[in-house]
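The values are calculated or read from the model by the stated rules, or taken from the named source; none is laboratory data. Fair warning: this is a prediction, and the values are worked out from it, not measured in the lab. Don't worry about glycine lacking a Cβ; one is built from the backbone with ideal geometry, like all the others, and counts go over all protein chains shown.
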Amino acid sequence: METLSDKPNKIKVVFQPSGKSALVAPGTLVLDAAVQAGVPLDTPCGGQGRCGRCLVRVESGNVFRPQNPHLTAKQVDEGWILSCITQVVGELVVTVPLPKEREKIVVQTAATRKAAAVRCEFPRLPAVRRVYLELPRPSLEDNAGDLERLKRALANTQGIKDVDVVLPIMRTLSRTLREADWKVTITLDTHDKGGVPRLIDVQAGEKKGQLWGAAIDIGTTNVWVDLVDLISGRSAGRASMLNRQVPRGEDVISRIIYSQRDGGLDELRQLVLSAINDLVAELAVGSKIDAREIQSMVVAGNTTMAHFFLGMPARTIREEPYVPGAIFFPVYTAAELGIKINPYASVYTVPAVAAYVGGDISAGAISSCIFRSDKLTLFLDVGTNGEIVMGGADWMTTCACSAGPAFEGAGMRFGVRAAKGAIEDVTINTSTLEPTIRVIGDAEPVGICGSGLISALAEMLLTGVVDRSGRMNVARLQEKARNGKSRARVGDHGVEYVLAWAGETSIGEDIVLTEVDINNLIRTKAAIYAGIAVMARNVGVPLENVEEVLIGGSFGQHINVEKAIQIGLLPDLPWDRFKFLGNTSLSGAYNILMSKHARAQVEEVVGKMTYFELVADASFMDEFTAAMFLPHTEMNRFPSVAALLGDRHESSGTP
């Protein structure tokens with residue numbers, strides 16, 4: 001880029017495709033040149049460089065362009081700039097994209113910043129395998145029993161010296177072998193490490209093609225199933241639904257209490273089993289297979305969900321000293337658990353670390369590859385609980401904090417899941433305090449999801465709609481009222497800010513964010529940040545030394561790092577240190593399903609992690625209290641946010 005010195009007094013800027021132009025002084029913002037030329041450009045954030053929507057592309061000429069996270073390196077190379085922060089240096093020709101093209105670029109930028117990392121690679125070695133055998137017919141000279149004949153063929157062709165056979169298959173083996181003319185495909189299960197394989201299926205003839213398995217993530221809020229071909233490793237499809245236990249409690253503590261009611265535990269187990277079975281059936285129909293063809297299953301979930309899945313009481317998880325019934329769980333068959341796949345298929349439940357760091361985090365440690373990292377890494381899974389792992393290849397520590405379901409939309413006045421119709425991004429104009437929203441699926445809004453809540457709160461802070469304690473500046477908002485309608489008002493639930501008027505929504509009522517909602521968000525972000533800060537101090541590592549931050553969980557697919565830092569949810573680190581991994585629990589379950597090496601690794605990782613109980617750490621409450629401001633009581637921990645706020649935070653009446 002050229003410098004701004006030694007330039008002519010007036011520079012011509014031409015805007016295509018309109019051909020309109022303006023003569024401007026060197027250093028003029030491209031946005032101001034557009035205004036002078038009569039070319040409209042969208043600036044939902046009021047020209048503060050926060051929304052990324054005033055995009056134009058430089059066709060020729062020179063500009064001075066500061067770094068901005070709303071443009072990827074590829075987009076910069078293609079000539080895209082944000083007109084509100086880019087200065088004119090020389091004669092310039094720019095193209096103004098159509099609104100649809102601009103929105104496409106904005107979405108691509110967000111997707112690039114949140115691109116999932118490559119799965120951690122393991123040698124492909126599923127616990128089940130298929131073997132085709134041609135057995136010699138019995139004769140007077142060779143009158144070995146049918147089972148012995150099958151075992152002999154296995155030993156001769158596969159080096160497998162012994163095999164267990166479940167009783168129902170044993171009862172039909174003789175008939176099956178004869179009807180198949182002694183040519184069969186058998187499926188062996190080797191889930192018992194170093195033990196004798198189990199014969200779990202016998203089919204006539206040579207069977208080729210897919211061998212099916214299923215990876216399961218039982219989340220507190222959602223249940224996910226991934227149907228996988230164990231031979232190719234390809235997913236045939238994923239499906240999810242709301243965990244049917246949610247009406248019995250939005251968090252694990254509520255559900256543990258419910259489980260202690262008469263019949264409560266069995267009800268919770270049946271609710272999650274029905275969800276898994278329905279999702280499995282849905283995917284099986286979509287792949288045109290019988291669900292009984294699924295020969296293996298791996299289940300990951302937090303410690304409480306694992307207990308409920310297995311029908312184990314979880315009362316001791318919530319009582320000091322917070323001891324679960326088990327950390328390593330035995331392998332059971334699908335029939336024993338009531339799962340409607342091959343009844344003899346093994347179901348492996350991923351081991352937990354502690355009462356509040358479960359198999360979802362163990363699986364996440366596997367899929368994120370933190371156990372192989374030579375960098376100081378922070379791994380976060382933000383959901384109803386906030387689980388944190390810090391370390392790398394040499395050591396790992398972990399803890400959990402009760403974040404609550406706010407970032408998953410639960411407990412919020414208009415909170416919804418991240419699905420079509422959910423507000424996922426909010427920008428507030430600095431001058432007018434009017435919001436611009438982006439909705440998943442480009443539909444009329446029905447509510448606001450976690451990413452939308454974070455961006456809305458960050459924008460409200462940066463524009464002065466709320467102060468650092470989360471209180472709304474009602475008087476200022478009412479000064480900006482349009483057509484007698486103020487975005488701020490006192491509603492049935494207290495002071496609230498209107499994100500979308502009833503006529504703009506598909507639910508026929510205003511979508512608002514209340515001060516109660518904001519307080520819940522602040523409490524949630526404070527718990528997570530406090531957990532991170534306490535862990536870093538306990539291991540003697542300054543947060544600024546963290547080289548990589550890996551964010552897992554379904555929520556991690558939608559979070560905006562810039563906004564999360566601005567509200568104090570994430571530490572103030574360079575954006576390029578953050579990576580989004582998606583549903584790491586499901587990915588880890590997939591890894592374990594596909595590889596016995598991954599299964600051995602997850603059990604080693606569980607034994608390697610050092611667990612900190614935050615409840616027993618006296619400093620946690622101090623950190624939590626300090627984090628109950630936006631972004632934090634100590635602004636020096638968030639220098640990038642302090643720079644954006646300027647001196648306003650010093651006069652806001654909060655620390």
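Residues are listed down the side, and each one gets a yes or a no for (1) assigned by TED's automatic domain parsing to the domain that holds Gln601; (2) out of contact with any strand residue (DSSP E or B) (no Cβ under 8 Å at 6 or more places or on another chain); (3) small (Gly, Ala, Ser); (4) surrounded by 24 or more Cβ atoms within 10 Å (Cβ to Cβ):
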{"site": "Val299", "(1), (2), (3), (4)": "no, no, no, yes"}
{"site": "Thr303", "(1), (2), (3), (4)": "no, no, no, yes"}
{"site": "Val323", "(1), (2), (3), (4)": "no, yes, no, no"}
{"site": "Thr333", "(1), (2), (3), (4)": "no, no, no, no"}
{"site": "Lys340", "(1), (2), (3), (4)": "no, yes, no, no"}
{"site": "Pro343", "(1), (2), (3), (4)": "no, no, no, no"}
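Tally up the residues in region 440-469 that are over 22 Å from Pro631 (Cα atoms) and at pLDDT 90 or above, please.
Number of matching residues: 5.
Quick one: in region 42-66, which of the residues that are farther than 18 Å from Pro97 by Cα and among the charged types (D, E, K, R) is surrounded by the fewest Cβ atoms within 10 Å (Cβ to Cβ)?
For region 42-66, the residue satisfying everything is Arg65.
In this structure, does Val347 turn out to be modelled with pLDDT of 95 or more, under 16 Å from the mean Cα position of the chain (by Cα) and in a strand (DSSP E or B)?
No, not satisfied.
Report yes if some residue within region 454-465 is outside the structural domain of Asp42 (by TED's automatic domain parsing), part of a loop (DSSP other than H, G, I, E, B), surrounded by fewer than 19 Cβ atoms within 10 Å (Cβ to Cβ) and not β-branched (Val, Ile, Thr); otherwise report no.
yes
Working only within region 545-597, note down all residues that are outside any loop (DSSP other than H, G, I, E, B) and of a type in the set (Asp, Glu).
Correct list: Glu548, Glu562, Asp576.
Is it true that Glu387 is in the same structural domain as Val272 (by TED's automatic domain parsing) and of a type outside the set (Gly, Ala, Ser)?
no
Is it the case that some residue within region 490-502 is out of contact with any strand residue (DSSP E or B) (no Cβ under 6 Å at 6 or more places or on another chain), closer than 15 Å to Ile423 by Cβ and among the aromatic types (Phe, Trp, Tyr)?
The answer is yes; a qualifying residue exists.
Among residues belonging to region 217-235 that are surrounded by fewer than 18 Cβ atoms within 10 Å (Cβ to Cβ) and of a type outside the set (Asp, Glu), point out the one that is nearest to Val280 (Cα to Cα).
Restricting to residues being surrounded by fewer than 18 Cβ atoms within 10 Å (Cβ to Cβ) and of a type outside the set (Asp, Glu), the top hit is Ser235.
In the list Val223, Val196, which residue meets the criterion of being out of contact with any Pro (no Cβ under 7 Å at 6 or more places or on another chain) and outside the structural domain of Phe329 (by TED's automatic domain parsing)?
The conditions single out Val196.
When you go through Ala418, Ala458, Ala443, Ala422 one by one, which is the residue that is hydrophobic (A, V, I, L, M, F, W, C), touching a Lys or Arg at 6+ places or on another chain (Cβ under 6 Å) and closer than 28 Å to Ile361 by Cβ?
When all the criteria are applied, what remains is Ala458.
Within region 476-484, identify whether any single residue is touching a strand residue (DSSP E or B) at 6+ places or on another chain (Cβ under 9 Å), of a type in the set (S, T, N, Q), crowded, with 16+ Cβ neighbours inside 10 Å and over 14 Å from Met460 (Cα atoms), and answer yes or no.
No.
Name the residue, out of Val272, Val280, that is over 20 Å from Ala127 (Cβ atoms) and among the β-branched types (Val, Ile, Thr).
Of the residues listed, the single one that is over 20 Å from Ala127 (Cβ atoms) and among the β-branched types (Val, Ile, Thr) is Val272.
Looking only at region 255-268, which residues are free of Cβ contacts under 8 Å to residues at least 60 places away in the same chain and either exposed (fewer than 15 other Cβ atoms within 10 Å of the Cβ) or of a type outside the set (S, T, N, Q) (or both)?
Arg255, Tyr258, Gln260, Arg261, Asp262, Gly263, Gly264, Leu265, Asp266, Glu267, Leu268
Which of (1) at pLDDT 90 or above; (2) touching a Gly at 6+ places or on another chain (Cβ under 9 Å); (3) among the basic types (Lys, Arg) is the odd one out, the single condition Lys114 does not satisfy?
(1)
Go through region 599-615 and report how many residues are of a type in the set (A, V, I, L, M) and closer than 15 Å to Ala393 by Cα.
4
Only one of these conditions is not met by Pro8: (1) of a type outside the set (Val, Ile, Thr); (2) at pLDDT 75 or above; (3) surrounded by fewer than 17 Cβ atoms within 10 Å (Cβ to Cβ). Which number is it?
So the condition that Pro8 fails would be (2).
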